[in-house]
Amino acid sequence: MECHSSRIGDKGIMATVKIAIIDYGLGNLRSVKKGFERSGGDVIVTSDMEIISKSDGIVLPGVGAFSEGMENAEPLRENIIEIGESGIPMFGICLGMQMLLTESEEAEYVGQGDVRGLDLIPGKNIRIRNEKVPHMGWNKINIVNEHPIVKGVDGLHAYFVHSYCAVPDDDLAIVSTTEYGGEFASIIARENIFGTQFHPEKSGETGLKIIRNFIEFCQEA
């Protein structure tokens, strides 16, 4: 089924699917917004939790260090967790995906101690080993657990820029893997919560397909 930007409302009227991109001061918000708009979403970039909580889908972008991301997001932390636990679809991108987990080696590695993530997908981010970092460039996505978010993307390539990767506690939360000094989780998911280690907004048709899949999931949620 091709994804469109509208859905049937309670009264049979076509209603726009509203996507809120959380603005917490980090992330390439402009390109993420354009990617979701190109894929059919009615998109707003905001830190207003009232607007965010009334959206059909939430996007948590991010570029930079785990500790900085969590520090910037701290004023919104409890609201983000509450929204994630409410069942509204949430999509974490790159650092945003890592923030969905419980903790990260990154804070320890740079001497910042224990920094807690959102714990919406239990697990830990670990530093890439056996290869130079950051991992930067195009790599293949290998689907290991079927999920609506990856419909039609097995074996395609996406664009990565990262030095850490996610290790969920539950292997079933790993939707796809990618090879770079060994296998790492490139897409993770738990119920209504999703994350991509790569940047879908920079990944051409592969990324747009994943974003369309997410919007379609929001339509059906």
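The values are calculated or read from the model by the stated rules, or taken from the named source; none is laboratory data. What you see is a predicted model, and the numbers here were worked out from it, not measured in a lab. For neighbour counting, all protein chains shown are included, and Cβ atoms are generated from backbone atoms with ideal geometry for every residue, glycine included.
Pairs meeting the criteria (first residue in segment 113-128 and under 11 Å from residue 67 (Cβ atoms), second residue surrounded by 15 or more Cβ atoms within 10 Å (Cβ to Cβ) and of a type in the set (A, V, I, L, M), beta carbons under 6 Å, at least 6 apart or on different chains) are 115/70; 115/107; 117/99; 117/101. Scanning segment 194-212 finds no residues that are hydrophobic (A, V, I, L, M, F, W, C), surrounded by fewer than 23 Cβ atoms within 10 Å (Cβ to Cβ) and closer than 24 Å to residue 104 by Cβ. Taking the criterion of being closer than 18 Å to residue 129 by Cβ and outside any loop (DSSP other than H, G, I, E, B), the residues of segment 151-167 that qualify are 160, 161, 162, 164, 165, 166, 167. Considering segment 168-179, and only residues there that are free of Cβ contacts under 8 Å to residues at least 60 places away in the same chain and in a strand (DSSP E or B), the residue that is surrounded by the most Cβ atoms within 10 Å (Cβ to Cβ) turns out to be 176. Of all residues in segment 136-161, exactly one satisfies the criterion of being surrounded by fewer than 17 Cβ atoms within 10 Å (Cβ to Cβ) and among the aromatic types (Phe, Trp, Tyr), namely 138. Restricting 145, 139 to residues that are in a loop (DSSP other than H, G, I, E, B), at pLDDT 95 or above and within 18 Å of the chain's Cα centre (by Cα) narrows the list to 145.
What number of residues within segment 37-58 are in contact (Cβ under 8 Å) with a residue 40 or more places away in the chain, farther than 20 Å from residue 87 by Cα and under 16 Å from the mean Cα position of the chain (by Cα)? Count: 1. Residue count for segment 59-69, restricted to those that are surrounded by fewer than 24 Cβ atoms within 10 Å (Cβ to Cβ) and hydrophobic (A, V, I, L, M, F, W, C): 2. Taking every residue in segment 64-83 that is in contact (Cβ under 8 Å) with a residue 60 or more places away in the chain and pairing it with any residue that is in a helix (DSSP H, G or I) and not β-branched (Val, Ile, Thr), at least 6 positions away or on another chain, the pairs with Cβ-Cβ distances below 6 Å are 66/98; 66/106; 66/107. Scanning segment 180-193 for residues that are in a strand (DSSP E or B) and farther than 17 Å from residue 150 by Cα yields one hit, 183.
Every test in (1) under 30 Å from residue 82 (Cβ atoms); (2) crowded, with 19+ Cβ neighbours inside 10 Å; (3) touching a residue at least 60 places away in the same chain (Cβ under 8 Å) is passed by residue 165 save one, and that test is (3).
Check segment 180-193 and report whether any residue there is within 27 Å of residue 29 (Cβ to Cβ) and free of Cβ contacts under 8 Å to residues at least 24 places away in the same chain. The answer is yes; a qualifying residue exists.
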